[in-house]
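The structure appears below as C-alpha coordinates.
The values are calculated or read from the model by the stated rules, or taken from the named source; none is laboratory data. These figures come from a predicted structure and were not determined experimentally. Every residue, glycine among them, receives a Cβ derived from its backbone with ideal geometry; neighbour counts consider all protein chains shown. Keep in mind that these areas ignore ligands, DNA and RNA; they rest on the heavy atoms of the full protein, side chains included. Shrake-Rupley method; radii C 1.70, N 1.55, O 1.52, S 1.80 Å.
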2 protein chains.
Amino acid sequence: MVKTTERRDRQREALVLAAEKAIAEKGLSGLKARDLAEAIGCSLGAIYNLVQDMDELVLRVGSRTLARLDAALAEATKGSASASSGDATDTLIAIAQTYCAFARENLQLWRTLFEHRMAEGSIVPEWAISEQMTMFRYILAPLRALQPRASEPELILLSRTLFSAVHGVVMLGLEEKLVAVPAAALDGQIEALVRVIGKGLTPGA
Amino acid sequence: MVKTTERRDRQREALVLAAEKAIAEKGLSGLKARDLAEAIGCSLGAIYNLVQDMDELVLRVGSRTLARLDAALAEATKGSASASSGDATDTLIAIAQTYCAFARENLQLWRTLFEHRMAEGSIVPEWAISEQMTMFRYILAPLRALQPRASEPELILLSRTLFSAVHGVVMLGLEEKLVAVPAAALDGQIEALVRVIGKGLTPGA
(Lines give C-alpha, C1' and ligand atoms only; values in the text may rest on other atoms or scores of the structure.)
Protein backbone atom coordinates (compact mmCIF):
# COMPACT_ATOMS: atom_id res chain seq x y z
CA MET A 1 0.00 0.00 0.00
CA VAL A 2 2.77 2.40 1.01
CA LYS A 3 4.68 1.32 -2.04
CA THR A 4 1.72 2.12 -4.31
CA THR A 5 1.35 5.59 -2.82
CA GLU A 6 5.06 6.26 -3.25
CA ARG A 7 4.94 5.13 -6.83
CA ARG A 8 1.94 7.36 -7.49
CA ASP A 9 3.71 10.34 -5.91
CA ARG A 10 6.74 9.78 -8.11
CA GLN A 11 4.55 9.47 -11.19
CA ARG A 12 2.63 12.61 -10.27
CA GLU A 13 5.88 14.50 -9.90
CA ALA A 14 7.03 13.27 -13.31
CA LEU A 15 3.70 14.39 -14.76
CA VAL A 16 4.00 17.89 -13.26
CA LEU A 17 7.58 18.22 -14.53
CA ALA A 18 6.52 17.10 -18.01
CA ALA A 19 3.67 19.65 -17.97
CA GLU A 20 6.05 22.38 -16.82
CA LYS A 21 8.45 21.57 -19.65
CA ALA A 22 5.62 21.59 -22.21
CA ILE A 23 4.27 24.95 -21.01
CA ALA A 24 7.75 26.51 -20.86
CA GLU A 25 8.38 25.47 -24.46
CA LYS A 26 5.01 25.92 -26.10
CA GLY A 27 2.82 27.91 -23.74
CA LEU A 28 -0.42 26.89 -22.08
CA SER A 29 -2.11 26.18 -25.42
CA GLY A 30 0.66 23.66 -26.18
CA LEU A 31 -0.25 21.48 -23.19
CA LYS A 32 -1.79 18.22 -24.40
CA ALA A 33 -2.69 15.32 -22.09
CA ARG A 34 -1.77 12.83 -24.81
CA ASP A 35 1.81 14.20 -25.09
CA LEU A 36 2.19 14.10 -21.31
CA ALA A 37 1.03 10.49 -21.09
CA GLU A 38 3.63 9.59 -23.70
CA ALA A 39 6.35 11.60 -21.91
CA ILE A 40 5.88 9.80 -18.59
CA GLY A 41 5.02 6.44 -20.12
CA CYS A 42 1.44 5.92 -18.98
CA SER A 43 -1.94 5.64 -20.65
CA LEU A 44 -4.04 8.75 -21.28
CA GLY A 45 -6.60 7.62 -18.71
CA ALA A 46 -3.94 6.97 -16.05
CA ILE A 47 -3.18 10.72 -15.93
CA TYR A 48 -6.52 11.26 -14.22
CA ASN A 49 -5.48 8.87 -11.42
CA LEU A 50 -2.60 11.27 -10.72
CA VAL A 51 -4.45 14.59 -10.97
CA GLN A 52 -8.15 15.31 -10.88
CA ASP A 53 -8.15 17.27 -14.12
CA MET A 54 -5.98 19.52 -16.29
CA ASP A 55 -6.84 22.51 -14.05
CA GLU A 56 -5.16 20.82 -11.09
CA LEU A 57 -2.13 20.02 -13.23
CA VAL A 58 -1.77 23.64 -14.41
CA LEU A 59 -2.17 24.89 -10.82
CA ARG A 60 0.57 22.47 -9.67
CA VAL A 61 2.88 23.85 -12.37
CA GLY A 62 1.89 27.37 -11.25
CA SER A 63 2.76 26.41 -7.69
CA ARG A 64 6.32 25.61 -8.80
CA THR A 65 6.54 28.88 -10.76
CA LEU A 66 5.35 30.87 -7.73
CA ALA A 67 7.85 29.08 -5.44
CA ARG A 68 10.70 30.16 -7.75
CA LEU A 69 9.35 33.72 -7.93
CA ASP A 70 9.11 33.74 -4.13
CA ALA A 71 12.75 32.63 -3.84
CA ALA A 72 13.84 35.37 -6.28
CA LEU A 73 11.92 38.03 -4.31
CA ALA A 74 13.34 36.75 -1.00
CA GLU A 75 16.84 37.08 -2.46
CA ALA A 76 16.12 40.59 -3.84
CA THR A 77 14.81 41.90 -0.51
CA LYS A 78 17.36 40.09 1.71
CA GLY A 79 18.80 42.45 4.27
CA SER A 80 16.87 45.39 2.79
CA ALA A 81 16.11 48.03 5.40
CA SER A 82 12.86 49.99 5.45
CA ALA A 83 14.11 52.47 8.00
CA SER A 84 13.62 55.51 5.78
CA SER A 85 11.15 56.16 2.97
CA GLY A 86 14.11 56.20 0.57
CA ASP A 87 15.10 52.68 1.68
CA ALA A 88 11.50 51.50 1.33
CA THR A 89 11.31 52.92 -2.20
CA ASP A 90 14.59 51.19 -3.10
CA THR A 91 13.16 47.91 -1.81
CA LEU A 92 10.01 48.38 -3.93
CA ILE A 93 12.18 49.09 -6.99
CA ALA A 94 14.22 45.92 -6.35
CA ILE A 95 10.99 43.90 -6.06
CA ALA A 96 9.54 45.37 -9.28
CA GLN A 97 12.73 44.78 -11.25
CA THR A 98 13.06 41.24 -9.93
CA TYR A 99 9.47 40.61 -11.00
CA CYS A 100 10.25 41.93 -14.49
CA ALA A 101 13.42 39.84 -14.80
CA PHE A 102 11.59 36.72 -13.61
CA ALA A 103 8.78 37.28 -16.13
CA ARG A 104 11.29 37.77 -18.95
CA GLU A 105 13.23 34.60 -18.07
CA ASN A 106 10.12 32.46 -17.50
CA LEU A 107 7.89 34.02 -20.13
CA GLN A 108 5.50 31.16 -20.88
CA LEU A 109 5.29 29.87 -17.30
CA TRP A 110 4.69 33.40 -16.03
CA ARG A 111 2.03 34.08 -18.69
CA THR A 112 0.29 30.87 -17.68
CA LEU A 113 -0.21 32.21 -14.14
CA PHE A 114 -2.49 34.86 -15.66
CA GLU A 115 -3.88 33.16 -18.76
CA HIS A 116 -5.15 30.04 -17.05
CA ARG A 117 -8.87 30.03 -16.30
CA MET A 118 -10.53 27.23 -14.34
CA ALA A 119 -13.05 25.11 -16.24
CA GLU A 120 -16.65 26.35 -15.97
CA GLY A 121 -18.02 25.60 -12.51
CA SER A 122 -14.62 24.84 -10.93
CA ILE A 123 -13.14 27.09 -8.29
CA VAL A 124 -9.50 27.69 -7.46
CA PRO A 125 -8.60 25.50 -4.47
CA GLU A 126 -7.67 27.14 -1.18
CA TRP A 127 -3.97 26.13 -1.34
CA ALA A 128 -3.52 27.82 -4.72
CA ILE A 129 -5.21 31.02 -3.51
CA SER A 130 -3.00 31.24 -0.46
CA GLU A 131 0.14 30.67 -2.55
CA GLN A 132 -0.76 33.64 -4.75
CA MET A 133 -1.67 35.89 -1.82
CA THR A 134 1.43 35.19 0.26
CA MET A 135 3.52 36.89 -2.44
CA PHE A 136 2.13 40.29 -1.37
CA ARG A 137 4.09 40.18 1.90
CA TYR A 138 7.16 41.40 0.01
CA ILE A 139 5.33 44.56 -1.09
CA LEU A 140 3.50 45.11 2.19
CA ALA A 141 6.62 45.57 4.33
CA PRO A 142 8.04 48.60 2.45
CA LEU A 143 4.54 50.05 1.90
CA ARG A 144 3.98 49.95 5.67
CA ALA A 145 7.21 51.93 6.09
CA LEU A 146 6.08 54.50 3.49
CA GLN A 147 2.57 54.87 4.89
CA PRO A 148 2.86 54.27 8.65
CA ARG A 149 -0.60 55.70 9.30
CA ALA A 150 -2.47 53.57 6.74
CA SER A 151 -4.67 50.75 8.01
CA GLU A 152 -3.90 47.14 7.09
CA PRO A 153 -6.86 46.89 4.64
CA GLU A 154 -5.69 50.13 2.99
CA LEU A 155 -2.17 48.74 2.65
CA ILE A 156 -3.47 45.49 1.16
CA LEU A 157 -5.49 47.42 -1.43
CA LEU A 158 -2.49 49.63 -2.17
CA SER A 159 -0.22 46.58 -2.60
CA ARG A 160 -2.64 45.13 -5.18
CA THR A 161 -2.81 48.45 -7.03
CA LEU A 162 0.96 48.83 -7.10
CA PHE A 163 1.45 45.22 -8.19
CA SER A 164 -1.12 45.64 -10.99
CA ALA A 165 0.56 48.83 -12.21
CA VAL A 166 4.01 47.24 -12.44
CA HIS A 167 2.47 44.10 -13.94
CA GLY A 168 0.87 46.25 -16.67
CA VAL A 169 4.20 47.83 -17.63
CA VAL A 170 5.94 44.42 -17.62
CA MET A 171 3.17 42.63 -19.48
CA LEU A 172 2.70 45.12 -22.34
CA GLY A 173 6.49 45.58 -22.52
CA LEU A 174 7.27 41.86 -22.81
CA GLU A 175 4.44 41.33 -25.30
CA GLU A 176 6.11 44.14 -27.29
CA LYS A 177 2.79 45.84 -27.92
CA LEU A 178 2.88 48.98 -30.08
CA VAL A 179 1.73 51.14 -27.18
CA ALA A 180 4.13 49.53 -24.68
CA VAL A 181 7.34 50.77 -23.18
CA PRO A 182 10.04 49.56 -25.63
CA ALA A 183 11.96 46.51 -24.32
CA ALA A 184 15.26 48.40 -24.06
CA ALA A 185 13.67 51.05 -21.81
CA LEU A 186 11.70 48.63 -19.65
CA ASP A 187 14.00 48.31 -16.61
CA GLY A 188 14.62 52.06 -16.51
CA GLN A 189 10.93 52.92 -16.78
CA ILE A 190 9.96 50.45 -14.05
CA GLU A 191 12.51 52.05 -11.77
CA ALA A 192 11.27 55.54 -12.71
CA LEU A 193 7.62 54.59 -12.13
CA VAL A 194 8.20 53.02 -8.72
CA ARG A 195 10.44 55.92 -7.68
CA VAL A 196 7.71 58.43 -8.60
CA ILE A 197 5.14 56.35 -6.69
CA GLY A 198 7.49 56.08 -3.68
CA LYS A 199 7.93 59.84 -3.69
CA GLY A 200 4.19 60.40 -4.06
CA LEU A 201 3.47 58.04 -1.13
CA THR A 202 5.98 59.68 1.23
CA PRO A 203 4.02 61.80 3.70
CA GLY A 204 4.89 65.48 3.57
CA ALA A 205 7.15 65.03 0.54
CA MET B 1 -17.40 51.18 -62.40
CA VAL B 2 -18.22 53.82 -59.79
CA LYS B 3 -21.33 51.89 -58.93
CA THR B 4 -19.30 48.71 -58.29
CA THR B 5 -16.92 50.55 -55.98
CA GLU B 6 -19.83 52.04 -54.04
CA ARG B 7 -21.44 48.65 -53.69
CA ARG B 8 -18.17 47.17 -52.45
CA ASP B 9 -17.73 49.97 -49.91
CA ARG B 10 -21.24 49.37 -48.59
CA GLN B 11 -20.62 45.63 -48.38
CA ARG B 12 -17.28 46.19 -46.62
CA GLU B 13 -18.97 48.41 -44.08
CA ALA B 14 -21.61 45.76 -43.47
CA LEU B 15 -18.84 43.19 -43.02
CA VAL B 16 -16.99 45.35 -40.47
CA LEU B 17 -20.21 45.99 -38.53
CA ALA B 18 -21.03 42.27 -38.50
CA ALA B 19 -17.50 41.50 -37.24
CA GLU B 20 -17.82 44.17 -34.55
CA LYS B 21 -21.09 42.68 -33.38
CA ALA B 22 -19.60 39.16 -33.30
CA ILE B 23 -16.56 40.27 -31.30
CA ALA B 24 -18.65 42.34 -28.87
CA GLU B 25 -20.83 39.31 -28.19
CA LYS B 26 -18.38 36.42 -28.27
CA GLY B 27 -14.88 37.87 -28.16
CA LEU B 28 -12.15 37.57 -30.76
CA SER B 29 -12.18 33.77 -30.63
CA GLY B 30 -15.85 33.87 -31.62
CA LEU B 31 -15.12 35.57 -34.94
CA LYS B 32 -15.76 33.13 -37.79
CA ALA B 33 -15.57 34.09 -41.47
CA ARG B 34 -18.38 31.66 -42.28
CA ASP B 35 -20.80 33.35 -39.85
CA LEU B 36 -19.90 36.77 -41.25
CA ALA B 37 -20.52 35.66 -44.82
CA GLU B 38 -23.95 34.44 -43.76
CA ALA B 39 -24.68 37.64 -41.82
CA ILE B 40 -24.02 39.92 -44.80
CA GLY B 41 -25.35 37.48 -47.40
CA CYS B 42 -22.26 36.73 -49.46
CA SER B 43 -20.13 33.67 -50.15
CA LEU B 44 -17.21 32.80 -47.91
CA GLY B 45 -14.75 33.59 -50.70
CA ALA B 46 -16.36 36.98 -51.43
CA ILE B 47 -15.24 38.22 -47.99
CA TYR B 48 -11.68 38.27 -49.27
CA ASN B 49 -12.70 40.65 -52.05
CA LEU B 50 -13.73 43.09 -49.32
CA VAL B 51 -10.77 42.71 -46.96
CA GLN B 52 -7.37 41.22 -47.60
CA ASP B 53 -7.55 38.84 -44.63
CA MET B 54 -9.03 38.45 -41.14
CA ASP B 55 -6.22 40.59 -39.71
CA GLU B 56 -7.38 43.58 -41.76
CA LEU B 57 -10.96 42.97 -40.65
CA VAL B 58 -9.98 42.87 -36.95
CA LEU B 59 -7.90 46.04 -37.38
CA ARG B 60 -10.88 47.80 -39.02
CA VAL B 61 -13.05 46.84 -36.05
CA GLY B 62 -10.25 48.07 -33.75
CA SER B 63 -10.22 51.33 -35.66
CA ARG B 64 -13.88 51.87 -34.77
CA THR B 65 -13.22 50.96 -31.12
CA LEU B 66 -10.32 53.44 -30.95
CA ALA B 67 -12.45 56.19 -32.55
CA ARG B 68 -15.06 55.75 -29.80
CA LEU B 69 -12.37 55.71 -27.11
CA ASP B 70 -10.91 58.87 -28.64
CA ALA B 71 -14.32 60.59 -28.51
CA ALA B 72 -14.74 59.55 -24.84
CA LEU B 73 -11.30 60.91 -23.94
CA ALA B 74 -11.98 64.16 -25.85
CA GLU B 75 -15.18 64.60 -23.85
CA ALA B 76 -13.41 63.80 -20.54
CA THR B 77 -10.64 66.34 -21.14
CA LYS B 78 -12.84 69.05 -22.69
CA GLY B 79 -12.09 72.40 -21.16
CA SER B 80 -9.63 70.87 -18.72
CA ALA B 81 -6.93 73.30 -17.68
CA SER B 82 -3.33 72.24 -17.13
CA ALA B 83 -2.35 75.54 -15.56
CA SER B 84 -1.28 74.03 -12.23
CA SER B 85 0.12 70.61 -11.39
CA GLY B 86 -3.10 69.93 -9.46
CA ASP B 87 -5.17 70.60 -12.58
CA ALA B 88 -2.88 68.39 -14.65
CA THR B 89 -3.24 65.56 -12.12
CA ASP B 90 -7.03 65.93 -12.18
CA THR B 91 -6.95 65.71 -15.98
CA LEU B 92 -4.85 62.52 -15.78
CA ILE B 93 -7.31 61.04 -13.28
CA ALA B 94 -10.23 61.88 -15.59
CA ILE B 95 -8.42 60.20 -18.50
CA ALA B 96 -7.61 57.06 -16.47
CA GLN B 97 -11.16 56.72 -15.18
CA THR B 98 -12.64 57.28 -18.63
CA TYR B 99 -10.32 54.56 -19.93
CA CYS B 100 -11.50 52.18 -17.20
CA ALA B 101 -15.18 52.93 -17.85
CA PHE B 102 -14.71 52.47 -21.60
CA ALA B 103 -12.97 49.11 -21.05
CA ARG B 104 -15.75 47.95 -18.72
CA GLU B 105 -18.50 48.94 -21.16
CA ASN B 106 -16.74 47.55 -24.24
CA LEU B 107 -15.05 44.58 -22.62
CA GLN B 108 -14.66 42.25 -25.60
CA LEU B 109 -13.89 44.96 -28.14
CA TRP B 110 -11.36 46.52 -25.78
CA ARG B 111 -9.72 43.14 -25.05
CA THR B 112 -9.44 42.53 -28.78
CA LEU B 113 -7.25 45.63 -29.16
CA PHE B 114 -4.65 43.82 -27.02
CA GLU B 115 -5.31 40.14 -27.75
CA HIS B 116 -5.13 40.39 -31.51
CA ARG B 117 -1.83 39.32 -33.03
CA MET B 118 -1.09 39.63 -36.74
CA ALA B 119 -0.61 36.38 -38.66
CA GLU B 120 3.01 35.20 -38.86
CA GLY B 121 4.93 37.37 -41.29
CA SER B 122 2.32 40.16 -41.45
CA ILE B 123 3.02 43.59 -40.04
CA VAL B 124 0.56 46.12 -38.66
CA PRO B 125 -0.20 48.66 -41.42
CA GLU B 126 0.87 52.27 -40.97
CA TRP B 127 -2.70 53.63 -40.56
CA ALA B 128 -3.41 51.27 -37.65
CA ILE B 129 -0.14 52.20 -35.92
CA SER B 130 -0.86 55.90 -36.18
CA GLU B 131 -4.40 55.45 -34.84
CA GLN B 132 -3.03 53.75 -31.72
CA MET B 133 -0.29 56.31 -31.20
CA THR B 134 -2.47 59.38 -31.61
CA MET B 135 -4.30 58.39 -28.41
CA PHE B 136 -1.24 59.38 -26.36
CA ARG B 137 -1.83 63.08 -27.07
CA TYR B 138 -4.41 63.14 -24.27
CA ILE B 139 -1.82 61.99 -21.72
CA LEU B 140 1.03 64.08 -23.12
CA ALA B 141 -0.61 67.48 -22.51
CA PRO B 142 -1.02 67.13 -18.71
CA LEU B 143 2.35 65.34 -18.39
CA ARG B 144 4.01 68.31 -20.13
CA ALA B 145 2.41 70.60 -17.52
CA LEU B 146 3.67 68.36 -14.67
CA GLN B 147 7.19 68.02 -16.05
CA PRO B 148 7.91 71.25 -17.93
CA ARG B 149 11.65 70.53 -18.10
CA ALA B 150 11.35 67.01 -19.55
CA SER B 151 12.29 66.51 -23.20
CA GLU B 152 9.68 65.32 -25.71
CA PRO B 153 11.19 61.78 -25.93
CA GLU B 154 11.18 61.58 -22.11
CA LEU B 155 7.53 62.64 -22.04
CA ILE B 156 6.61 60.07 -24.69
CA LEU B 157 8.30 57.30 -22.68
CA LEU B 158 6.60 58.52 -19.51
CA SER B 159 3.19 58.55 -21.22
CA ARG B 160 3.66 54.91 -22.28
CA THR B 161 4.72 53.93 -18.76
CA LEU B 162 1.77 55.70 -17.16
CA PHE B 163 -0.65 54.23 -19.69
CA SER B 164 0.72 50.71 -19.09
CA ALA B 165 0.42 51.11 -15.32
CA VAL B 166 -3.24 52.18 -15.48
CA HIS B 167 -3.91 49.52 -18.11
CA GLY B 168 -2.51 46.87 -15.73
CA VAL B 169 -4.82 47.91 -12.90
CA VAL B 170 -7.84 48.02 -15.26
CA MET B 171 -7.00 44.75 -16.99
CA LEU B 172 -6.39 42.59 -13.90
CA GLY B 173 -9.35 44.28 -12.19
CA LEU B 174 -11.81 43.63 -15.03
CA GLU B 175 -10.55 40.04 -15.45
CA GLU B 176 -11.28 39.69 -11.72
CA LYS B 177 -7.96 37.96 -11.11
CA LEU B 178 -7.31 36.79 -7.53
CA VAL B 179 -4.41 39.22 -7.17
CA ALA B 180 -6.29 42.15 -8.74
CA VAL B 181 -7.86 45.19 -7.19
CA PRO B 182 -11.46 44.08 -6.40
CA ALA B 183 -14.02 45.45 -8.90
CA ALA B 184 -15.78 47.60 -6.29
CA ALA B 185 -12.51 49.35 -5.39
CA LEU B 186 -11.30 49.81 -8.96
CA ASP B 187 -12.34 53.42 -9.63
CA GLY B 188 -11.08 54.57 -6.25
CA GLN B 189 -7.72 52.82 -6.62
CA ILE B 190 -7.18 54.21 -10.13
CA GLU B 191 -7.78 57.69 -8.78
CA ALA B 192 -5.45 57.03 -5.82
CA LEU B 193 -2.70 55.64 -8.08
CA VAL B 194 -2.79 58.53 -10.55
CA ARG B 195 -2.94 61.06 -7.71
CA VAL B 196 0.16 59.53 -6.10
CA ILE B 197 1.95 59.55 -9.46
CA GLY B 198 0.89 63.18 -10.09
CA LYS B 199 2.24 64.15 -6.69
CA GLY B 200 5.47 62.22 -7.31
CA LEU B 201 5.91 63.92 -10.70
CA THR B 202 5.39 67.46 -9.39
CA PRO B 203 8.81 69.14 -9.18
CA GLY B 204 9.75 70.18 -5.65
CA ALA B 205 6.67 68.51 -4.11
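In debye, nearest 20, what is the charge dipole magnitude of chain B about its Cα centre with +1 on Lys and Arg Cβ and -1 on Asp and Glu Cβ, if you could check?
Value, rounded to 20: 140 debye.
Does any residue of segment B:144-185 lose at least 30 Å² of accessible area with all protein chains in place compared with its chain alone, and if so which ones (probe 1.4 Å)?
B:Leu157, B:Arg160, B:Thr161, B:Ser164, B:Ala165, B:Val169, B:Met171, B:Leu172, B:Lys177, B:Leu178, B:Val179, B:Val181
Ordered by packing density, taken as the mean number of other Cβ atoms within 10 Å over each peptide's residues, highest first, how do B:21-33, B:111-123, B:168-180 rank?
Values: B:21-33: 15.5, B:111-123: 13.2, B:168-180: 19.8.
So the order, starting with the most tightly packed, is B:168-180, B:21-33, B:111-123.
Choose one of B:Gly79, B:Pro148, B:Thr89: the residue whose Cα lies farthest towards the positive end of the charge dipole of chain B (beta-carbon charges +1 Lys, Arg; -1 Asp, Glu; about the Cα centre).
Looking along the dipole axis, the top candidate is B:Gly79.
Roughly how many Å is it from the Cα centre of segment B:104-179 to that of segment A:45-112, as a whole number?
26 Å
Pairs of alpha-carbon atoms within less than 8 angstrom and 6+ residues apart define the contacts here; what relative contact order does chain A have, in percent?
Numbers: 175 pairs, mean separation 45.5, N = 205.
Taking the mean separation of contacting Cα pairs over the length of chain A, I get 22 percent.
Take the Cα pairs of segment B:163-205, get the Kirkwood Rh, then feed it into Stokes-Einstein at 4 °C and 1.567 mPa s and tell me D in µm²/s.
Rounded to a whole number, D works out at 118 µm²/s.
Just subtract the alpha-carbon distance of B:Ser122 and B:Glu38 from 0.36 nm times their residue separation and send over the number in nm, one decimal.
27.5 nm
What are the distances, in nm and sorted shortest first, from the label point of A:Arg137 to the label points of the same position in each other copy, with each label point placed 7 Å from Cα along the Cα-to-Cβ direction?
5.1
For segment A:143-156, just list the computed ³J(HN,Hα) in residue order, Karplus coefficients 6.51, -1.76 and 1.60, θ = phi - 60°, integers in Hz, with x standing in for Gly and Pro.
Calculated HN-Hα couplings, in order: 5, 4, 5, 6, 10, x, 9, 6, 6, 4, x, 5, 5, 5 Hz.
Mean shadow of segment B:99-205, computed from the convex hull of its alpha carbons, in nm²?
8.5 nm²
Looking down the axis that turns A into B, which residue of A has the closest beta carbon, and how many Å out?
Closest to the rotation axis on chain A: A:Gly168, 1.
Taking θ = phi - 60°, what integer Hz values does the Karplus form 6.51 cos²θ - 1.76 cosθ + 1.60 yield along segment B:72-79, in sequence order, with x for Gly and Pro?
Listing the rounded values in order: 5, 5, 4, 4, 5, 9, 4, x Hz.
Considering only protein heavy atoms, what per residue accessible area in square angstrom results for the protein assembly as shown with a 1.4 angstrom probe?
50 Å²
Say a label goes 7 Å from Cα toward Cβ at A:Glu25 in every copy; what distances in nm does this one have to the rest, shortest first?
Result for A:Glu25, in nm, nearest copy first: 4.1.
Where the label is 7 Å out from Cα toward Cβ, how close does B:Pro153 come to the same position in every other copy, in nm, shortest first?
In ascending order, 4.8 nm.
Taking the alpha-carbon set of chain A, what are its Rg and Dmax in Å?
19.8, 66
Expressed in nm², what is the orientationally averaged projection area of the convex hull enclosing the Cα positions of segment A:59-161?
7.2 nm²
Measure off, as a whole percent, the carbon and sulfur share of the 1.4 Å-probe accessible area of chain B, all protein chains present.
Working: 5530 of 10200 Å².
Whole-percent figure for carbon plus sulfur exposure: 54.
Treating only the Cβ of Lys, Arg, Asp and Glu as charged (+1, +1, -1, -1), what charge dipole size does segment A:68-175 show about its Cα centre? Round to the nearest 20 debye.
140 debye
Divide by every residue of the protein assembly as shown the summed helix terms, -39500 (n - 2.57) for each DSSP H run of at least 4, and state the resulting mean residue ellipticity at 222 nm, rounded to the nearest 500 deg cm²/dmol. Before the final figure, lay out the partial values.
Details: 20 runs with 297 residues, N = 410.
For the protein assembly as shown, the value works out to -23500 deg cm²/dmol.
List the pairs from A:Lys21/B:Lys26; A:Lys177/B:Lys26; A:Lys78/B:Lys199; A:Lys32/B:Lys21 whose alpha-carbon separation is above 28 Å, in the order I gave them. The partial results should precede the final answer.
On the way: A:Lys21/B:Lys26 32 Å; A:Lys177/B:Lys26 23 Å; A:Lys78/B:Lys199 30 Å; A:Lys32/B:Lys21 32 Å.
Cα-Cα > 28 Å for A:Lys21/B:Lys26; A:Lys78/B:Lys199; A:Lys32/B:Lys21; rest within.
So what's the net charge close to B:Trp127: Lys and Arg +1, Asp and Glu -1, counting the other residues with Cβ under 11 Å from its Cβ?
Details: positive: B:Arg60; negative: B:Glu56, B:Glu126, B:Glu131.
So the surrounding residues net to -2.
Under the Karplus relation 6.51 cos²θ - 1.76 cosθ + 1.60, θ = phi - 60°, what is the ordered set of whole-Hz ³J(HN,Hα) values for segment A:24-40, x standing for Gly and Pro?
Here the 3J(HN,Hα) series is 4, 7, 10, x, 4, 5, x, 8, 10, 4, 4, 4, 5, 4, 5, 4, 9 Hz.
Over all directions, what mean area does the Cα convex hull of the protein assembly as shown project, stated in square nanometres?
25.2 nm²
Just the number, please: buried accessible area between B and A, total of both chains, 1.4 angstrom probe, nearest 100 square angstrom.
3300 Å²
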